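Quick notes on the structure that follows.
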Amino acid sequence: MIELLFKKKYFYPDDYKKTVYDVDFRKLWAENIRIIMLDLDNTLIPYDETEPSENIFGFFDLLKEIGFDVYIISNNQKGRVKAFAKQVGVRYVYSARKPYKLGFKRAIKYANYPDPKTVCLIGDQFMTDVLGGKRMEFDVIVVDTLKRKGEKWFTKISKYLERRILSRLKKTDPDFYYRMKLDEKR
Ligand SMILES: [Mg+2]
């Protein structure tokens, strides 16, 4: 399956950053991105924490100030996703089942069916965020996983597949791999 998907370049993120704070959002705006979709667990907040940090509030303030329409797209359950999204004041999709398209389509509908080229998805996992985002033809930025210890079994499988994807990228497309600094991906 991974081999088949590789042909379609579904595992090629458009950029790689250490954290969401390292993304240049004014540049994204200048590049005509208008909608930001964010993974929740281990992208915005460690999977085992519930309270947004001060930095996170500032982060969402910046996105809104620039003018982005912002969504949280999470595979996690309603309670956790809703509580976080309400606190930072953005819309959300829970049980999104990334990399399937259904959850993304819910957000797309909320956003009034925008051109996918104006959407940027930011997440920490290749198997859910990068694959799902590229299938939707979004701009995709992959970030480091905030906290890996004690992850759930399905996240561990996803991470195992991610290691395979990364080693395959390194082999088949070393220029891309090193240009993106993917050797640093945690
Ligand atoms: Mg995540």
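Nothing in this text is a laboratory measurement; each read-out follows from the coordinates by a stated rule. None of the values given here were measured: they were computed from a predicted structure. Here the Cβ positions follow ideal geometry from the backbone for every residue, glycine too, while neighbour counts run over all protein chains shown.
Brief remarks on what is shown
- Residue in region 140-160 that is of a type in the set (D, E, K, R), closer than 16 Å to Tyr12 by Cα and either away from the ligand (no atom under 13 Å from the Cβ) or free of Cβ contacts under 8 Å to residues at least 24 places away in the same chain (or both) present: no
- Yes/no for Asn55 being at positive phi and out of contact with any strand residue (DSSP E or B) (no Cβ under 7 Å at 6 or more places or on another chain): no
- Lone qualifier among Val81, Val70, Val88, Val20 - being under 15 Å from Asp129 (Cα atoms) and not acidic (Asp, Glu): Val20
- Every residue from region 119-139 that is of a type outside the set (D, E, K, R) and within 13 Å of the ligand (Cβ to nearest atom): Leu121, Ile122, Gly123, Gln125, Phe126, Met127, Thr128, Val130, Leu131, Gly132, Gly133
- Taken as a whole, the condition of being out of contact with any strand residue (DSSP E or B) (no Cβ under 9 Å at 6 or more places or on another chain), touching a residue at least 12 places away in the same chain (Cβ under 8 Å) and within 16 Å of the ligand (Cβ to nearest atom) does not apply to Tyr94.
- Selected residue [of a type in the set (S, T, N, Q) and loosely packed, with under 14 Cβ neighbours inside 10 Å] from Asn76, Asn112: Asn112
- Residue within region 175-186 that is within 14 Å of the ligand (Cβ to nearest atom) and of a type outside the set (A, V, I, L, M, F, W, C) present: yes
- Candidate set: region 98-119, residues that are outside any helix (DSSP H, G or I) and either within 13 Å of the chain's Cα centre (by Cα) or hydrophobic (A, V, I, L, M, F, W, C) (or both); chosen: the one farthest from Arg80 (Cα to Cα): Val119
- Of all residues in region 72-91, those that are within 13 Å of the ligand (Cβ to nearest atom) have Cβ atoms under 7 Å from Cβ atoms of residues that are among the basic types (Lys, Arg), 6 or more apart or on another chain, in Ile73/Lys98; Asn75/Arg97; Asn75/Lys98.
- Just one of (1) within 13 Å of the ligand (Cβ to nearest atom); (2) over 23 Å from Arg186 (Cβ atoms); (3) among the acidic types (Asp, Glu) fails for Asp69. It is (1).
- Flag if Leu131 is in contact (Cβ under 8 Å) with a residue 12 or more places away in the chain, aliphatic (A, V, I, L, M) and more than 29 Å from Asp61 (Cα to Cα): no
- Single residue of Leu169, Leu146 found to be surrounded by 13 or more Cβ atoms within 10 Å (Cβ to Cβ), of a type in the set (A, V, I, L, M, F, W, C) and assigned to a loop (DSSP other than H, G, I, E, B): Leu146
- Number of residues in region 161-172 that are touching a residue at least 12 places away in the same chain (Cβ under 8 Å) and of a type in the set (D, E, K, R) equals 4.
- Within region 30-52, the set of residues being in a loop (DSSP other than H, G, I, E, B), surrounded by 12 or more Cβ atoms within 10 Å (Cβ to Cβ) and more than 16 Å from the ligand (Cβ to nearest atom) comprises Glu31, Ile33, Arg34.
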